[in-house]
Amino acid sequence: MTEIFPNYINGEWVKGTALFEDRNPADTSEVVGSFVKGTAEDIDAAAAAAGAALAGWAGASGPARGNILFRAADILDKKFDQVSAEMTREEGKTLPEAKGEVRRSINILRYFAGEGSRMPGMLVPSERDRVHMFALRKPIGVTGLITPWNFPSAIPAWKLAPALICGNTVVLKPASAAPLSAWRIVEALHEAGVPKGVVNFVAGAGGELGQALVAAAPLKAVSFTGSCPVGNWLHAEASKRRLRIQLEMGGKNPTIVLADAAFDAAVENVVNAAFFSTGQKCTATSRAIVEDAIYDRFVEAVVERTRRMKVGNGMEPGVEMGPCVDQAQMETVLRYVEIGRKESGQPLCGGRRLTDGALANGYFVEPAVFANVREEHTIAREEIFGPVLAIMRAANFEDAMRIANNIPFGLSSSIQTTNLSRAFEYIYRAEAGLLTINLPSAGVEYQLPFGGTKDSSFGPKEQGPAALEFYSDYKTVYLKY
Ligand code: NAP
């Protein structure tokens, strides 16, 4: 019997008549769970409950709010193995990747739980005699959180935790392709004793629920992570009501490889960033921009390493790359491979759907490497969000910088070099919000600001101390004594 996961509204687990299935992309015959398909009315009820709960939650002390997050982290920690395996089964990433993500979610809950005891404001001296002036933080109110499937636990965690610690109440709408990982966090918060109405969870079709959420009267803010078209639409809707909005969207992230790079490490970093998590990371490398002097050797080494990648069910030890998350995503990848074939020539490896043996019921695609990709080619310009790497040739460092920045996106960017001056030059000139040097472009931690620039992002950054800027407002006080 498939377990049915209800929505969570006003502290109650709410059943419904319509359900949708959360299927394993590695083996679509397995239904991981059935979710209640929420409606616009459910969103309205959730937003109303969040509105009613706001005064109580905002009025609780920061440490008291923090205690609930600490308890939720402990509850999730006790289910660590189960929740990690569920993530692999619903999203497809390998078990070690899923474990890393669940650990990160637990750490995020604890990190922001601690912020409840700090909640930094401002205290500055006045120019006037015996005037005491300070600014304290207050919540913004009911906040809508809309999350994607590719980090189905960490992204909900990195929105929920700062929103709650700042005293906001929330309505969370998870991605339909992988809602269970977020559901487990909500379950943990419920078991931790979060007051009714403070956290609400409504799963279901993004178009219908997103429209209802952005129109819900109690809403004051929306935090969204997902694709550019949806984010841009939400921005337009939210602006009509002057909702505070934060958008983290797509990327087309470059890794520059200079001739002086530590060669083997650079190869491994590019392959890791391009193909781990099936290339379905917003910070994944999709363009390797390689200096002419090492171009041929680098392409050869990347192809050789990529051919050795073990693709399969992420639950199996040794598998390095799982399936695409669903059929639509797989078809998108295969479509871009065809476009790449026409514009850039045959991929040097990969690009086919894999259906042999145990892979027959999954959405598996061989990791694909295209070489001699030029800036005007579609696979060098559009986000694919799958295991497709475009390798581009750069005459020198200046040319590589120009190619890397010549794109509307600005999420993450990386350089592989042993030259310190070049590394600093790159830090100041790279047009992206997240930079890595001699590391894969993907693989961030929660203690520092996260987010992009240009068309990839809008609004204050997420994670680290920066997250408080979106989820709270200042109240400035002047006091004569
Ligand atoms: P998506 O299709 O935009 O969906 C994201 C979320 O929005 C899902 O919960 C989706 O619900 C919901 N949604 C869909 N239509 C909506 C609408 N009209 N109004 C409101 N919400 C709506 O993106 P995705 O395919 O899940 O994720 C992949 C994208 O996310 C990629 O572009 C990737 O780069 C980006 N991403 C960015 C970051 C970052 O930090 N910059 C991180 C991760 C992913 P349904 O699932 O029900 O459709």
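The values are calculated or read from the model by the stated rules, or taken from the named source; none is laboratory data. If you're wondering where the values come from, they're calculated on a predicted model, not measured in any experiment. So basically every Cβ, Gly included, is an ideal-geometry build from the backbone, and we count neighbours across all protein chains shown. Protein only, heavy atoms only, side chains kept; ligands, DNA and RNA dropped before computing areas. Shrake-Rupley method; radii C 1.70, N 1.55, O 1.52, S 1.80 Å.
Go through A273, A288, A328 for me and flag whichever is farther than 25 Å from N406 by Cα and of a type outside the set (D, E).
The match here is A328.
Checking the conditions here, which among Y446, Y428, Y471 is in contact with a Cys (Cβ under 8 Å, 6 or more places away or on another chain) and not hydrophobic (A, V, I, L, M, F, W, C)?
Y471
Any chance segment 336-348 includes a residue that's modelled with pLDDT of 95 or more, within 16 Å of the ligand (Cβ to nearest atom) and buried (at least 20 other Cβ atoms within 10 Å of the Cβ)?
Scanning segment 336-348 turns up at least one residue that is modelled with pLDDT of 95 or more, within 16 Å of the ligand (Cβ to nearest atom) and buried (at least 20 other Cβ atoms within 10 Å of the Cβ).
With the structure loaded, tell me whether F370 is surrounded by fewer than 16 Cβ atoms within 10 Å (Cβ to Cβ), among the hydrophobic types (A, V, I, L, M, F, W, C) and more than 18 Å from the chain's Cα centre (by Cα) or whether it fails that test.
no
So, in segment 455-477, exactly how many residues are more than 16 Å from F224 (Cα to Cα) and assigned to a strand (DSSP E or B)?
6
Give segment 191-204 a look and list any residue that's more than 16 Å from the ligand (Cβ to nearest atom) and within 20 Å of S223 (Cβ to Cβ), or say none.
V194, G197, V198, V199
Looking for something under 19 Å from the mean Cα position of the chain (by Cα) and in a helix (DSSP H, G or I) - is there at least one such residue anywhere in segment 42-54?
No; the residues of segment 42-54 include none that is under 19 Å from the mean Cα position of the chain (by Cα) and in a helix (DSSP H, G or I).
Whether any residue in segment 205-216 is near the ligand (Cβ under 8 Å from one of its atoms), in a loop (DSSP other than H, G, I, E, B) and in contact with a helix residue (DSSP H, G or I) (Cβ under 9 Å, 6 or more places away or on another chain) is what I want to check.
Among the residues of segment 205-216, not one is near the ligand (Cβ under 8 Å from one of its atoms), in a loop (DSSP other than H, G, I, E, B) and in contact with a helix residue (DSSP H, G or I) (Cβ under 9 Å, 6 or more places away or on another chain), which makes the answer no.
Would segment 51-62 turn up any residue that is under 30 Å from G357 (Cα atoms) and buried (at least 16 other Cβ atoms within 10 Å of the Cβ)?
No, because not a single residue in segment 51-62 is under 30 Å from G357 (Cα atoms) and buried (at least 16 other Cβ atoms within 10 Å of the Cβ).
Regarding G451, is this residue open to solvent by less than 20 Å² (accessible area, probe 1.4 Å) and touching a Lys or Arg at 6+ places or on another chain (Cβ under 6 Å)?
yes
Within segment 113-132, restricting attention to residues that are part of a loop (DSSP other than H, G, I, E, B) and surrounded by 15 or more Cβ atoms within 10 Å (Cβ to Cβ), which residue is farthest from the ligand (Cβ to nearest atom)?
Selected residue: G121.
For A188, all conditions in the list (1) in contact with a strand residue (DSSP E or B) (Cβ under 7 Å, 6 or more places away or on another chain); (2) of a type in the set (G, A, S); (3) away from the ligand (no atom under 16 Å from the Cβ) hold save one; what is the number of the exception?
Every listed condition holds for A188 apart from (1).
Table: residues versus (1) within 30 Å of M315 (Cα to Cα); (2) aliphatic (A, V, I, L, M).
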residue: F70; (1), (2): yes, no
residue: K79; (1), (2): yes, no
residue: M87; (1), (2): yes, yes
residue: R103; (1), (2): yes, no
residue: M119; (1), (2): no, yes
residue: D129; (1), (2): no, no
residue: A135; (1), (2): no, yes
residue: P139; (1), (2): no, no
residue: I146; (1), (2): yes, yes
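So which residues in segment 310-333 are surrounded by fewer than 18 Cβ atoms within 10 Å (Cβ to Cβ) and more than 16 Å from the ligand (Cβ to nearest atom)?
Passing the criteria: K310, M315, E316, P317, G318.
For segment 133-183, enumerate the residues that are outside any loop (DSSP other than H, G, I, E, B), more than 14 Å from the ligand (Cβ to nearest atom) and surrounded by fewer than 24 Cβ atoms within 10 Å (Cβ to Cβ).
Answer for segment 133-183, where residues must be outside any loop (DSSP other than H, G, I, E, B), more than 14 Å from the ligand (Cβ to nearest atom) and surrounded by fewer than 24 Cβ atoms within 10 Å (Cβ to Cβ): M133, F134, A135, L136, R137, K138, P139.
Of everything in segment 353-367, what is outside any strand (DSSP E or B) and under 28 Å from the mean Cα position of the chain (by Cα)? Give them in sequence order.
L359, N361, G362, Y363, E366, P367
Table: residues versus (1) assigned to a strand (DSSP E or B); (2) more than 22 Å from D260 (Cα to Cα); (3) open to solvent by 10 Å² or more (accessible area, probe 1.4 Å); (4) of a type in the set (V, I, T).
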site	(1), (2), (3), (4)
G351	no, yes, no, no
E375	no, yes, yes, no
F385	no, yes, yes, no
M392	yes, no, no, no
A400	no, no, no, no
I415	yes, no, no, yes
F424	no, no, yes, no
Y428	no, no, yes, no
S441	no, no, no, no
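For residues that are more than 23 Å from S227 (Cα to Cα) and open to solvent by 10 Å² or more (accessible area, probe 1.4 Å), scanning just segment 271-298, find the one that is nearest to the ligand (Cβ to nearest atom).
E291
Output the strands (runs of 3 or more DSSP E) that fall wholly within segment 235-342 and possess 1 or more residues being within 30 Å of F397 (Cβ to Cβ) and aliphatic (A, V, I, L, M), or say none.
It comes to 253-257, 285-291.
For segment 212-250, give me the residue count where each residue is buried (at least 20 other Cβ atoms within 10 Å of the Cβ) and acidic (D, E).
The number of residues fulfilling the criteria is 1.
Quick one: would you say S34 is small (G, A, S), open to solvent by 50 Å² or more (accessible area, probe 1.4 Å) and over 22 Å from A215 (Cα atoms)?
no
Within the group A261, A265, which residue is in contact (Cβ under 8 Å) with a residue 40 or more places away in the chain, more than 9 Å from the ligand (Cβ to nearest atom) and open to solvent by 20 Å² or more (accessible area, probe 1.4 Å)?
None of the other options fit; the residue is A265.
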